[in-house]
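*Asks:* Below: one structure in structure tokens.
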Amino acid sequence: MPIARSTKDRKKMAVSKNGKDAITHFKVLKRYEKYTFIEVKIETGRTHQIRVHMAQIGYPIVGDIVYSNGKNPFGVQGQMLHAARLSFKHPSTGKEINLEAPLPEYFLKVLETLDKE
């Protein structure tokens, strides 16, 4: 879905037929009663792309006060987004850089809480 600056709120981005191409792939890893744990891969890097696309299809990010209803029953700081893997070419050397990071403790605790429901 293409993304452009929102015509209703200039501080936000929105899906718009006049926007720039934005490609987001996602896979459901686990479904809970009210939440879904997903893996996301983006082909493009538009501003707020994951947050905008997920909100657009009815899956807003927990803790996202801009693109969701603002509810945060887990009390997390910021959005429940985590970059497990990043890959990019180094700007000076052109060498491929690959970084990985495990889920942070607070994220694991939220998933553990959901598993108990």
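For every residue, the table says whether it meets (1) at pLDDT below 95; (2) part of a loop (DSSP other than H, G, I, E, B); (3) under 21 Å from Val40 (Cβ atoms).
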{"position": "Gly75", "(1), (2), (3)": "yes, yes, no"}
{"position": "Leu99", "(1), (2), (3)": "no, no, yes"}
{"position": "Pro102", "(1), (2), (3)": "no, yes, yes"}
{"position": "Leu111", "(1), (2), (3)": "no, no, yes"}
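*Asks:* Could you please find all residues in region 89-111 being surrounded by 10 or more Cβ atoms within 10 Å (Cβ to Cβ) and either touching a Lys or Arg at 6+ places or on another chain (Cβ under 6 Å) or hydroxyl-bearing (Ser, Thr, Tyr) (or both)?
*Replies:* Scanning region 89-111 gives a single hit, Tyr106.
*Asks:* Just need a number here: residues in region 1-40 that are under 30 Å from Glu117 (Cβ atoms), at pLDDT 95 or above and of a type in the set (D, E, K, R).
*Replies:* Matching residues across region 1-40 total 4.
*Asks:* Just one of Leu86, Leu81, Leu114 is loosely packed, with under 11 Cβ neighbours inside 10 Å and touching a strand residue (DSSP E or B) at 6+ places or on another chain (Cβ under 9 Å); which is it?
*Replies:* Values: Leu81 fails: loosely packed, with under 11 Cβ neighbours inside 10 Å; Leu114 fails: loosely packed, with under 11 Cβ neighbours inside 10 Å.
Sole residue among the options that is loosely packed, with under 11 Cβ neighbours inside 10 Å and touching a strand residue (DSSP E or B) at 6+ places or on another chain (Cβ under 9 Å): Leu86.
*Asks:* Next up: Report, ordered by the first and then the second residue, all pairs with beta carbons closer than 9 Å, sequence separation of six or more or different chains, a first member in region 58-80 that is farther than 21 Å from Ala14 by Cβ, and a second member that is surrounded by fewer than 15 Cβ atoms within 10 Å (Cβ to Cβ) and aliphatic (A, V, I, L, M).
*Replies:* Listed by first residue and then by second, the contacts come to Asn72/Ile65.
*Asks:* For a quick check of your reading: which strands (runs of 3 or more DSSP E) sit entirely within region 1-43 and have at least 1 residues that are of a type in the set (Phe, Trp, Tyr) and in contact with an Asp or Glu (Cβ under 9 Å, 6 or more places away or on another chain)?
*Replies:* Here the list reads 24-31.
*Asks:* Another one. Among what's in region 17-37 and is polar (S, T, N, Q) and surrounded by fewer than 16 Cβ atoms within 10 Å (Cβ to Cβ), pick the residue that is nearest to Ala83 (Cα to Cα).
*Replies:* Thr36
The values are calculated or read from the model by the stated rules, or taken from the named source; none is laboratory data. Every value quoted in this text rests on a predicted model; they were computed, and no experiment measured them. Reconstructed Cβ throughout: ideal geometry from the backbone, glycine too, with neighbour counts over all protein chains shown.
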